[in-house]
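Everything on this sheet refers to the single structure shown next.
The values are calculated or read from the model by the stated rules, or taken from the named source; none is laboratory data. Just so it is clear, the structure is predicted and the values come from calculations on it, not from any experiment. Glycine also receives a Cβ, built like all others from the backbone with ideal geometry; neighbour counts cover every protein chain displayed.
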Protein chains: 2
Amino acid sequence: MADFEKLKKLCKLIRYDILTSTTEAKSGHPTTSLSAVELMTTLFFAESNSAGGGFFKADLAHPKGVQSLNNDRVVFSKGHASPLIYSLYHAAGVISYPELMQLRKINSDLEGHPTFRFKYADVATGSLGQGLSAGVGMALGIKLLHPKPYSLTPNVYVLLGDSEMAEGQVWEAVQIASHYKLNNLIAIADINRLGQSTETMLGWDLETYKKRFEAFGWNVITVDDGHDLAKVYEAFSQSQLNQSSRSSRSESVKSVTDSTGSTDLTDLTDKPTIILARTIKGKGVSFLENKEGWHGKPLPKEMLESALKELGKVDLKARGKIELPKIQITKSKIQTNYKIQNPKYEMGASIATRLAYGDALLALGDVNDKIVALDAEMSNSTYSEKFAKKFPERYFEMFIAEQNMMTTALGISKLGFIPFASTFAAFLTRGFDQLRMAQYSAPNLKIVGSHCGVSIGPDGPSQMGLEDISMFRSILNSIILYPADATSAFKLTQVMAEKDGLFYLRTNRKETPVIYGEKEEFKIGGSKIHYSKIRNPKSVIKKSNNFNALIIAAGVTLHESLKAQKELAKQGVETVVLDCYSVKPLDVQSINRLTKEIKNVIVVEDHYPAGGIGDTVADLIVNCKLKIKNYTHLCVRKLPRSGSPEELLAYEEINAEAIIKAVKNVKS
Amino acid sequence: MADFEKLKKLCKLIRYDILTSTTEAKSGHPTTSLSAVELMTTLFFAESNSAGGGFFKADLAHPKGVQSLNNDRVVFSKGHASPLIYSLYHAAGVISYPELMQLRKINSDLEGHPTFRFKYADVATGSLGQGLSAGVGMALGIKLLHPKPYSLTPNVYVLLGDSEMAEGQVWEAVQIASHYKLNNLIAIADINRLGQSTETMLGWDLETYKKRFEAFGWNVITVDDGHDLAKVYEAFSQSQLNQSSRSSRSESVKSVTDSTGSTDLTDLTDKPTIILARTIKGKGVSFLENKEGWHGKPLPKEMLESALKELGKVDLKARGKIELPKIQITKSKIQTNYKIQNPKYEMGASIATRLAYGDALLALGDVNDKIVALDAEMSNSTYSEKFAKKFPERYFEMFIAEQNMMTTALGISKLGFIPFASTFAAFLTRGFDQLRMAQYSAPNLKIVGSHCGVSIGPDGPSQMGLEDISMFRSILNSIILYPADATSAFKLTQVMAEKDGLFYLRTNRKETPVIYGEKEEFKIGGSKIHYSKIRNPKSVIKKSNNFNALIIAAGVTLHESLKAQKELAKQGVETVVLDCYSVKPLDVQSINRLTKEIKNVIVVEDHYPAGGIGDTVADLIVNCKLKIKNYTHLCVRKLPRSGSPEELLAYEEINAEAIIKAVKNVKS
């Protein structure tokens, strides 16, 4: 058995830390933290013993990311319990008390909700309901690093709040965890009954929670008193059966199981586990316990004193020990090979950029086994199916659940994998909060949205990505690539793989002609410039006023622009078309240079007016004080409808004809 | 019993219509439509009889919205089954065959997925997993119109696909429907096993679906063959027990119930119902039935011929009858009174705009009983709690499930209510896809996001709305209001209530001084102009170059701008500060006029660089060719962290000091 006296001492210390740090910070969530003290203290610090104690195992010298693939992972999905998180690491001896007292201060990495800045957090949390998805991603990644079935692998622990279980994303993660038989995933639900403003829908109804999780294919362990260390310890011991039964120790574990009399090992071994614990919000301080009106409120100084009096004598020097991993994983080599053969698309051939994306992903999969793909049940439209067919073990069908897909992709990246997640551009909006949160997790995410714009045609507006550029632009450090032909789509996919960060690749449903040869190069912040064919660009560009307009476009509208350019040239109107395949960052230098000579700028894009390429260019013009004469922004200004791609491009006035008209307008 | 021969005839016609219309359109989803033919034909056209047949009741002359509150509602959540939808209305005699053959054509309102343009659809569908939430909203609205318990009320029917049940939003709707005891909500799940690219997670495992829905508190009826009209009819008859048991007919129904031997009326009466039907994708055409690879594909002409041969003789003149509602609801008067007393905030008092929003909502609730409020368990932070406390029956706690909140709000608006839905601005991103879709439903939605920007302080970046303006701007016909003080927040809330549309109100956590008197007026597209105090604005504005800079700001940064203005004035630097409380549409006229005189423009906002007020102003400058000299955009350019509001405004360089520096920079 565990040393419960020691655990009790640690719990006291952690309560002391929670209360004093939040009062010092004058903000924070002590009551939310207090309810999970016994749960997390037991997970972290229960000592090793034959029954499988010493649950959470990690090398705190290499706490996260790919530094230590042997570690168990822990995700604090209820990120507002950050005082608990930091106090646990204080009790583990890796955060000093003075550091802890810097909670929420401007220079401290102990933020109100944990972000990538916290040394021991893989992912930021604080937008509720996302942590389990991150755990799913990590559990999948661990499985992928240990393909041998029933081998002993690290576990992933996720602390859930009960309020956040109202988030649909939690159920997306729940269903996918059982679908993928993630028996290395152990969730801990801190069921303290009280949300921020009211009681949760289920209160302390553990039985209903149990039914729900069981119906979704989980192994459920209930704890009727989440503050009873012996009961909590027993629950964690049971949760390890999953893990142990897969190990060489299965025999000894089996006897433990038999003694409980209720565990069917064969059934247990392929299920994720949840510990449902009835707890009390504010536990340990009589005037906070189970009280409404105390969410997110620290104790004023005078109340803190009474609270500490209740706590009694605290051993401020008590320290717990987090065990080192016993598992020695085959060291996973980080692969850095992204070199793939040039694509062999015939110039002029009609190929959709989404197809070329599929080709490139497949080629990348061949040279780098860290590339993985996820899709929200659209793989035959996004063409991630090419990869899925060749590398089924590295393809994760996420079904129609985009929120979970986003955070799962983030989670798997924390094991060193490079995830490409795709669906229709329109449906990526389903994962905006998840993308927003990912930016606080130092992400390496490659998101691919197909079927952008009205050019998808007859499926109608619900299927058209018309806000997607805006969405990705608004994320601070994102990169947006939008290829117009198969060659650039292929090569930009490779560019995405090579560099860490949050990337978005926008692809088309519609086929477009190949316009770039296999040796063309594409880079972040680059562009391609197309001059009217009848002139010699080298000589002309130096003279002013030779060109009537600079047309900036990408994707489908680039081809419309090239059509317009050809037609205009016949009429003696010369234009330059800039393919801004790198929407963010934009090729500032080229546009700067070109607008020195060309005073009429036309942006044409298959996107709603706000937040897209137009805004990007307008920003550039005003911020860099480009001296232009006329600016025209052609984009989707009417609510679209069903129709053929050509009809819709015409209806929205973003086709060649509209461009010609716009050029003639500014020229005159 | 129903006339099954007639229903069979109608099913045949509808199959014929589905196949011919999609082949004619050369795109669309026939197989998805075919699986639900018996289900929906029975719902629509089974004839009245003593056992409760004639299920779906509606007056097709007044098909949607508030025109007919007596109608049952139907939501086709699987919107890609639109050929089925349109064929049903063809069979009902309100769409002609030539009209049907216009499916997906540019001038037809029969779009690829239904939008507001379709006369018989309350809400657009096509982004999967949203329809049940819309149904929840409608069912809540109906309940609100009929507060008397157990009165006979219209039902809401929602056709769900099985693939879409992977969407977390579905489970958000499922849990809230049972929480609110929506026994007037009847879902029909078309479990055809096949998604777009692969089998669903549960395939035909009806038993597991049943367990899940039961665990979530639903009444479940299973149909092992969704193409057996007698079985489908029996299922719908059972689903009416809920409804009937609440009616005066309860006695007669009770006997029916007793004869089935398994129905507990007391239990049934407060639960929503789902009919889980095992169906076959592509049913009726041997070479399509249960086949992968046929999702979203119409039959080529030659295959259509074989398919029609299989169908056999079709009675093209067969028509079904949708029964008129038997229920006569107390006519709900549409209230148009929005006139509330002026707010009595003392000038200079420190009041958060979120609080003033709460005051205004409360006041509106008093004068107009069509005002309802929803919140994602943040009501004590957003201050919707003021309304909730006074009007508990018109307040809907949506718990932490933002996606469902958005679509539920849309749904309830279709019963004539004016929903205000609030949570933290940051978490509104959770509902982007739902907002995006709402724009195709002719929405009347008032969304309120509190806790915007870094000025929230120590909670950290996960809680900061920094992409919210961008998100709402990207929606085509949205209106964005962003008040800086309590008076304007109060008055703009009233403005939102008065006009239909998709509105966003951005409120602050932080208290700000009241700067506007109770008689000031605020309007969509308006602004307030603050001149340096030491001059007489009327005389000065006509002379050029008297002002060194125009500072455009809103919310917290408006106050920073006013502080800067005061400080600068002391140093002899004159500025004009424009409070652009109407971010979209912007007060183009005032900015136009002011920039005729003032050549340095500074925008300062508590938002990330892209998509916010800066982009809006930059757009205006380039599009209207405003001739300015310098443009400076102060905004959140670094990933924020925890800290005090003041520290963070300084860290991001959007405080008074930074503004002063920026003005001095451009001035020199």
>> Regarding the stretch A:169-177, can at least one residue be identified that is under 22 Å from the mean Cα position of the chain (by Cα) and more than 10 Å from chain B (Cβ to nearest Cβ)?
In response: yes
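Working carefully through the options B:ALA564, B:ALA569, B:ALA610, B:ALA618, find the one that is out of contact with any Cys (no Cβ under 7 Å at 6 or more places or on another chain) and within 30 Å of A:SER27 (Cα to Cα). Don't jump to the end; show me each part of the working.
Numbers: B:ALA569 fails: within 30 Å of A:SER27 (Cα to Cα); B:ALA610 fails: within 30 Å of A:SER27 (Cα to Cα); B:ALA618 fails: within 30 Å of A:SER27 (Cα to Cα).
From the options B:ALA564, B:ALA569, B:ALA610, B:ALA618, the qualifying one is B:ALA564.
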> With respect to A:GLU605, is the statement that it is over 33 Å from the mean Cα position of the chain (by Cα) and either aliphatic (A, V, I, L, M) or surrounded by 18 or more Cβ atoms within 10 Å (Cβ to Cβ) (or both) true?
Replying inline: no
>> Looking only at the stretch B:264-279, filter to residues that are of a type in the set (Ser, Thr, Tyr), outside any strand (DSSP E or B) and crowded, with 19+ Cβ neighbours inside 10 Å; which one of those is modelled with the highest pLDDT?
In response: B:THR279
>> Conditions first: (1) closer than 18 Å to A:THR115 by Cβ; (2) in contact with a Ser or Thr (Cβ under 8 Å, 6 or more places away or on another chain). A:LYS64 passes all but one, so which condition is the exception?
In response: (2)
> Within the stretch B:124-131, can one find any residue that is at pLDDT 95 or above and over 14 Å from B:SER82 (Cβ atoms)?
Replying inline: yes
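Residue by residue, here is whether (1) more than 27 Å from B:THR198 (Cβ to Cβ); (2) acidic (Asp, Glu) holds:
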{"position": "B:ASP109", "(1), (2)": "yes, yes"}
{"position": "B:PHE116", "(1), (2)": "yes, no"}
{"position": "B:ASP122", "(1), (2)": "yes, yes"}
{"position": "B:LEU140", "(1), (2)": "yes, no"}
{"position": "B:LEU144", "(1), (2)": "yes, no"}
{"position": "B:THR153", "(1), (2)": "yes, no"}
{"position": "B:GLY161", "(1), (2)": "no, no"}
{"position": "B:MET165", "(1), (2)": "no, no"}
>> I'm trying to understand the selection: among the residues of the stretch B:310-360, which are among the aliphatic types (A, V, I, L, M), at pLDDT 95 or above and surrounded by 14 or more Cβ atoms within 10 Å (Cβ to Cβ)?
In response: B:LEU311, B:VAL314, B:ALA318, B:ILE351, B:ALA352, B:LEU355, B:ALA356, B:ALA360
> Does the stretch B:129-152 include one or more residues that are surrounded by 24 or more Cβ atoms within 10 Å (Cβ to Cβ), within 12 Å of chain A (Cβ to nearest Cβ) and not small (Gly, Ala, Ser)?
Replying inline: yes
> Between a first residue in the stretch A:200-219 that is in contact (Cβ under 8 Å) with a residue 40 or more places away in the chain and surrounded by 18 or more Cβ atoms within 10 Å (Cβ to Cβ) and a second residue that is of a type in the set (Phe, Trp, Tyr) and in a helix (DSSP H, G or I), which pairs have beta carbons less than 8 Å apart while being 6 or more apart in sequence or on different chains?
Replying inline: A:LEU202/A:TYR209; A:PHE216/A:TRP171
> A:SER27 versus (1) surrounded by fewer than 22 Cβ atoms within 10 Å (Cβ to Cβ); (2) in contact with a Phe, Trp or Tyr (Cβ under 9 Å, 6 or more places away or on another chain): which is the lone unmet condition?
Replying inline: (2)
> Is it true that A:ALA2 is of a type outside the set (Lys, Arg) and either touching a strand residue (DSSP E or B) at 6+ places or on another chain (Cβ under 6 Å) or surrounded by fewer than 23 Cβ atoms within 10 Å (Cβ to Cβ) (or both)?
Replying inline: no
> Does B:LYS78 satisfy being buried (at least 24 other Cβ atoms within 10 Å of the Cβ) and modelled with pLDDT of 95 or more?
Replying inline: yes
>> Looking only at the stretch B:409-432, how many residues end up being assigned to a strand (DSSP E or B) and over 23 Å from B:ALA139 (Cα atoms)?
In response: 1
> Among B:TYR157, B:TYR180, which is the only one that is modelled with pLDDT of 95 or more, under 24 Å from B:PHE56 (Cα atoms) and surrounded by fewer than 21 Cβ atoms within 10 Å (Cβ to Cβ)?
Replying inline: B:TYR180
>> Among the residues of the stretch B:476-498, what is the count of those that are buried (at least 24 other Cβ atoms within 10 Å of the Cβ) and either part of a loop (DSSP other than H, G, I, E, B) or at the interface with chain A (Cβ under 7 Å from one of its Cβ atoms) (or both)?
In response: 4
> Of A:VAL454, A:VAL448, which residue is among the β-branched types (Val, Ile, Thr), surrounded by 24 or more Cβ atoms within 10 Å (Cβ to Cβ) and within 13 Å of chain B (Cβ to nearest Cβ)?
Replying inline: A:VAL454
> Among the residues of the stretch A:206-219, which ones are facing chain B (nearest Cβ under 7 Å) and not in a helix (DSSP H, G or I)?
Replying inline: A:PHE216
>> Restricting to the stretch A:168-215, give me the number of residues that are charged (D, E, K, R) and under 18 Å from A:ILE280 (Cβ atoms).
In response: 4
> Is at least one residue of the stretch B:407-422 without any contact (Cβ under 8 Å) to a residue 24 or more places away in the chain and away from every other protein chain (no Cβ under 14 Å)?
Replying inline: no
>> Quick test of your reading of the structure: B:ILE334 fulfils all but one of (1) closer than 26 Å to B:SER450 by Cβ; (2) assigned to a loop (DSSP other than H, G, I, E, B). Name the failing condition by number.
In response: (1)
> Restricted to the stretch B:369-395, and to residues that are more than 21 Å from the chain's Cα centre (by Cα) and more than 14 Å from chain A (Cβ to nearest Cβ), which residue is nearest to B:LEU355 (Cα to Cα)?
Replying inline: B:LYS390
>> Looking only at the stretch B:180-205, how many residues end up being within 11 Å of chain A (Cβ to nearest Cβ) and closer than 18 Å to A:ALA401 by Cβ?
In response: 10
> Limited to the stretch A:295-309, what total is found for residues that are surrounded by 14 or more Cβ atoms within 10 Å (Cβ to Cβ) and assigned to a helix (DSSP H, G or I)?
Replying inline: 4
